[in-house]
Amino acid sequence: MAKLFAQIRFIAGALALAFIVAVVTPVSAQQPSSVNPTASAVKEQQLLKELSKIQGRGTIPDVKSYVLEHPVGRDWRQWHEVTLRWIGGIAVLGMIALLVIFYLWRGMVKIEGGRSGRKIVRFTAFERFVHWMTASCFVILALSGLNITFGKPLLLPLLGPEAFTTWSELAKYAHNFLGFPFTIGVVLVFLIWLTGNIPNKVDMEWFKEGGGMVPHKHPPAGHFNGGQKLIYWIVVLGGGTSAVTGYLLLFPFYGTGISGMQVAEVVHATVGMLFIAAMLSHIYIGTIGMEGAVEAMGEGTVDINWAKQHHNLWLKDEMARIGPNESQRQPMATPAE
Ligand code: HEM
């Protein structure tokens, strides 16, 4: 009897096993392609959370390349693709909008009483060379940097993939190589104009009086007024910070690791955007914002009436240094043609 029960148990067990196999096998056999991508993403998320990175194995000596995913990388992508674009857009477009409104309100600041016909030397050839070398590198660095941030969403759809690739490659080479002359320029700007750019009480007054922008008000100023001193320090500090962080990015893993480079990129890009906005105001004042300003950096001389209006203390010192008669002769002061 017991033997019979054992045989029945065995047959029932075999039947149950056959049933399970019959039910399960066709389902899995019929669905070889039904891999659930969400399920593996969940596993990936779990791995990322638990191990704080997903790392594979490799054969090349650079073990850093084995890391495939890192949560900080996602934060960085959010910063680069979203936050930075907002910062840059607001800073650059905001400054352009402000300048347009300001121009419509104030127009060009004219030389009151017109030109005198006499000129005085304001910047030497070397000073102008340093200015234009730094400025031209800056403009190319700014445009090529903006392309890294905004090129993909703004230019790629307009140019198409091939033209955008060619342009971006050229822009990237320019950005990498022009950093060197730009750095030399910033160091020279710092050295040659430092003594004229130490802030003092006259600058405070200059700011309080509206910086010469209020019609018929001409606050006293030396060689550089408060606004120009501000631009000088923005160039020195902004240029210095862009250079240091830029070199950390240009030579990866020499100065710092991945997280350090991410910090460097955040600082570099933020300073870059604010720097571009500040320089737009400088370019505005030097061109359409003020009559007679551009020639100071062009031919190196300014009209005496311009100097009286905008830099009266400097003009007084120069006149005392070169003598009133001398100021009517070349090379310190030249008659206008
Ligand atoms: C010595 C000077 C500089 C060096 C060595 C330098 C280097 C670099 C490097 C290596 C990158 C990263 C490029 C990449 O991700 O492929 C970069 C990005 C960038 N640079 Fe510069 N740079 C310098 C100056 C400047 C200046 C003066 C500006 C602005 C006026 C600027 C604006 C930018 C911007 C906006 C980006 C893009 C940031 C991003 O979207 O990630 N750079 N720079």
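The values are calculated or read from the model by the stated rules, or taken from the named source; none is laboratory data. Keep in mind the model is a prediction, meaning the values are calculated, not measured. All Cβ positions, even for glycine, are placed from backbone atoms using ideal geometry, and neighbour counts span all protein chains on display.
Miscellaneous remarks
- Hits in segment 95-122 - residues which are touching a helix residue (DSSP H, G or I) at 6+ places or on another chain (Cβ under 7 Å) and in a helix (DSSP H, G or I): M95, I96, L99
- Any hit, segment 192-207, residues being touching a residue at least 60 places away in the same chain (Cβ under 8 Å), over 26 Å from the mean Cα position of the chain (by Cα) and more than 25 Å from T134 (Cα to Cα): yes
- Condition broken by K110, with the remaining ones in (1) more than 17 Å from the chain's Cα centre (by Cα); (2) within 16 Å of the ligand (Cβ to nearest atom); (3) over 18 Å from G246 (Cβ atoms) satisfied: (2)
- Evaluation of I184 against (1) of a type in the set (A, V, I, L, M); (2) within 20 Å of the chain's Cα centre (by Cα); (3) away from the ligand (no atom under 11 Å from the Cβ); (4) surrounded by fewer than 16 Cβ atoms within 10 Å (Cβ to Cβ) (one fails), failing number: (3)
- Extreme residue, farthest from M108 (Cα to Cα), among residues of segment 266-276 that are surrounded by 19 or more Cβ atoms within 10 Å (Cβ to Cβ) and touching a residue at least 40 places away in the same chain (Cβ under 8 Å): A269
- Those residues of segment 224-274 which are more than 8 Å from the ligand (Cβ to nearest atom), in a helix (DSSP H, G or I) and among the polar types (S, T, N, Q), in sequence order: Q228, T241, S259, Q262, T270
- Failed item, numbered, when L158 is tested on (1) farther than 28 Å from K308 by Cα; (2) in a loop (DSSP other than H, G, I, E, B): (2)
The rows are residues; the columns are (1) within 16 Å of the ligand (Cβ to nearest atom); (2) under 18 Å from G289 (Cα atoms); (3) of a type in the set (K, R).
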position: V67; (1), (2), (3): no, no, no
position: H70; (1), (2), (3): no, no, no
position: W76; (1), (2), (3): yes, no, no
position: G88; (1), (2), (3): yes, no, no
position: A97; (1), (2), (3): no, yes, no
position: V100; (1), (2), (3): no, yes, no
position: L104; (1), (2), (3): no, yes, no
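- E318 modelled with pLDDT of 95 or more and crowded, with 18+ Cβ neighbours inside 10 Å: no
- Qualifying residue in segment 278-285 (condition: away from the ligand (no atom under 12 Å from the Cβ), more than 27 Å from the chain's Cα centre (by Cα) and free of Cβ contacts under 8 Å to residues at least 12 places away in the same chain): no
- For segment 199-221, residues that are more than 13 Å from I285 (Cβ to Cβ) and surrounded by 19 or more Cβ atoms within 10 Å (Cβ to Cβ) total 4.
- A single entry from S65, S144 fulfils the requirement of being modelled with pLDDT of 95 or more and among the hydroxyl-bearing types (S, T, Y): S144.
- Residues located in segment 123-147, provided they are in contact with a Ser or Thr (Cβ under 9 Å, 6 or more places away or on another chain) and more than 9 Å from the ligand (Cβ to nearest atom): F123
- Subset of segment 151-181 that is over 20 Å from C137 (Cβ atoms) and within 13 Å of the ligand (Cβ to nearest atom) - its residue that is surrounded by the fewest Cβ atoms within 10 Å (Cβ to Cβ): P153
- Taken over segment 161-212, residues that are part of a loop (DSSP other than H, G, I, E, B) and touching a Phe, Trp or Tyr at 6+ places or on another chain (Cβ under 8 Å) amount to 1.
- Residues of segment 131-178 satisfying the condition of being among the polar types (S, T, N, Q) and without any contact (Cβ under 8 Å) to a residue 40 or more places away in the chain: S136, S144, N147, T165, T166, S168
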